[in-house]
């Protein structure tokens, strides 16, 4: 198996999104994120549902607030929801109190919108030393989905 940690001892610089345009709108990134709510969601949910494959939505709470019809659809079809934070932020350097509030805010928002609390958690990039303990303290989470190397 090949892993980043099998190499030169440093993290790779490229994750999902790495470049920030500051002087002008970044149409590439805007269209990248907009595609999912406009087209991608419908295509994937239809395909998986027609094959009888259970669905888990990995949602940022802010994005779900901006697209309440997705929350309605998740409730209607019984899709599982995994929280992906408020706005896809990293928890690696987050203060413990701020992280606790973020977890509670995300869980409450998703529950308000879908009628059910999220059962999973996915932190962007890397969790803090406190993340898993805070998730357990909050309660209701069955899993974290921070690693990509397994089902």
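Overview of values
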item: Every residue from the range 25-38 that is at pLDDT below 85 and more than 16 Å from the chain's Cα centre (by Cα); result: 25, 26, 27, 28, 29, 30, 31
item: Residue under evaluation residue 89, criteria (1) modelled with pLDDT of 90 or more; (2) touching a helix residue (DSSP H, G or I) at 6+ places or on another chain (Cβ under 8 Å), criterion not met; result: (1)
item: Selection count where residues are out of contact with any helix residue (DSSP H, G or I) (no Cβ under 6 Å at 6 or more places or on another chain), assigned to a helix (DSSP H, G or I), in contact (Cβ under 8 Å) with a residue 24 or more places away in the chain and surrounded by fewer than 17 Cβ atoms within 10 Å (Cβ to Cβ), scope the range 123-146; result: 1
item: Helices (runs of 4 or more DSSP H) wholly inside the range 37-117 containing at least 3 residues that are assigned by TED's automatic domain parsing to the domain that holds residue 137, under 29 Å from residue 137 (Cα atoms) and free of Cβ contacts under 8 Å to residues at least 60 places away in the same chain; result: 61-66, 68-77, 96-114
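The values are calculated or read from the model by the stated rules, or taken from the named source; none is laboratory data. Keep in mind the model is a prediction, meaning the values are calculated, not measured. Please note: Cβ atoms are built from the backbone with ideal geometry, for glycine as well, and neighbour counts cover all protein chains shown.
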